[in-house]
Structures are given as structure tokens and as C-alpha cells.
Amino acid sequence: MVKGIAFGAVAVILLGIAAWLGVAYSGIYNVAASDIHVDPVRWTFQTTMHRSIARRAADAEVPESLSDDLIREGATHYASSCVHCHGAPGREPSVWSRGMRPQPPHLAEAATEWKPKEIRWIVENGIKMTGMPAFGPHHDAEEILAITAFVVQLPGLSADDYRAMTEADEGQGDAAGTGDQQAPLDDPAIESN
């Protein structure tokens, strides 16, 4: 009986590996960004991402109190690098970012789903296969903390608050200097998701 159970377990594992390799090598799964993930794949990616970040962010350091100066500095970084994909209060993301899969979350709402330590970990390390870059290799710890501080505060900001914090940075383009400007939420040229 023990041999039968062991044989059955090995057979199930081998069938699972065969199915996995079959999907990988057959090209049957559509990886086009213009096609949304099927629910089991989406669930697997999201669950894996959330659990991985929660596990690794436990050691991230975020002070209890975040100064207004640090938040304003983070707003400057956010306006030049992040708003293009994530939008902001009163600002839609750039139209081109809508072609990304998964679509970048609108952080004015989605940041409430994450703890400050998790936000810091995401900003510093990025997330594979999402388009979210790792800022850690190119930004110092103070800049990472500033971006984190701003994103933590972002859900509570109005469009006027955001504009006041970033008005000197609006229209400056992204970090690569492409000059990609954001359209206001009420711009008729912006199509709905």
C-alpha cells in the first residue's frame, strides 16, 4: 500500500511537470499585453506577489513619523518618475501605461492596500514582470524613504493638494526626459479603462 501511495504521488508530480512544460513549450498561453490574464493566472501572480512582498518587507525600515519636507521631496520624485504609470489625485496615468499587463495600480486608491514597510520594499526592489522598476540601485536610501513617505500619504491627498506639492515639477517630463505630460482626469482625449 505504501508503494502504491508513493507511486501515485510520483505520477501526480510527473503529470504536473508535464503539463507545466507543455504549456511553456507549446506557446498556447497568450503573453500579449493586449490580452488580460485568465483568472487562475492573475490570482496566482497577485497572491504570489502579495505574499512575497509581505515576507520580505518585514525588515524594511520606515520611521513612525514622516516629516512634511520628506513628503514634499517624495512628491517631487513621484511627479517625475511615478505619475506616468500610477496617476495621482486629479491626474490619469499616461495613455501608454494602459497597455501594460498587469495595469499599474492607481496609487491614490491602491496604496491603502499596502503597509508602509511594503511600499518601501516595492519602491526599492521593484516587482518582476509588472514593469515596476527597482529604484534602489539608482536612488539613495533618503530618496527611497521620501518616495515611500509620499505614497503613504497619497490616498489622503486631493487634486489641489497634489498640484500644490508638485506644481513646480509639472510638465518637466519623466526621468528619461521624454516630456510625457499627464492629462487631467476630465480631459476628453483620455479614454476610459
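The values are calculated or read from the model by the stated rules, or taken from the named source; none is laboratory data. Only a predicted model underlies this, so the values are computations on that prediction, with no experimental measurement involved. Reconstructed Cβ throughout: ideal geometry from the backbone, glycine too, with neighbour counts over all protein chains shown.
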Self-check item: One residue from Gly136, Gly131, Gly90 being within 14 Å of the chain's Cα centre (by Cα) and not β-branched (Val, Ile, Thr)
Solution: Gly131
Practice problem: Select, from Thr47, Thr76, the only residue that is over 18 Å from Ala146 (Cα atoms) and either at pLDDT 95 or above or assigned by TED's automatic domain parsing to the domain that holds Pro116 (or both). | Solution: Thr47
Self-check item: Test: residue in the stretch 55-68 that is of a type in the set (Lys, Arg) and farther than 30 Å from Ser158 by Cβ
Solution: yes
Quiz item: Is it the case that Val38 is surrounded by 14 or more Cβ atoms within 10 Å (Cβ to Cβ) and among the β-branched types (Val, Ile, Thr)?
Solution: no
Practice problem: Only residues in the stretch 4-24 that are part of a helix (DSSP H, G or I) count as the first member; pair them with residues that are surrounded by 10 or more Cβ atoms within 10 Å (Cβ to Cβ), Cβ under 7 angstrom, at least 6 apart or cross-chain, and list the lot. | Solution: Val23/Tyr29
Quiz item: Can you tell me how many residues in the stretch 53-73 are part of a helix (DSSP H, G or I) and either outside the structural domain of Ala146 (by TED's automatic domain parsing) or not aliphatic (A, V, I, L, M) (or both)?
Solution: 7
Quiz item: Mind checking which residues of the stretch 116-141 are part of a helix (DSSP H, G or I) and of a type in the set (Gly, Ala, Ser)?
Solution: Ala141
Quiz item: How many residues, within the stretch 78-106, are free of Cβ contacts under 8 Å to residues at least 40 places away in the same chain and assigned to a loop (DSSP other than H, G, I, E, B)?
Solution: 3
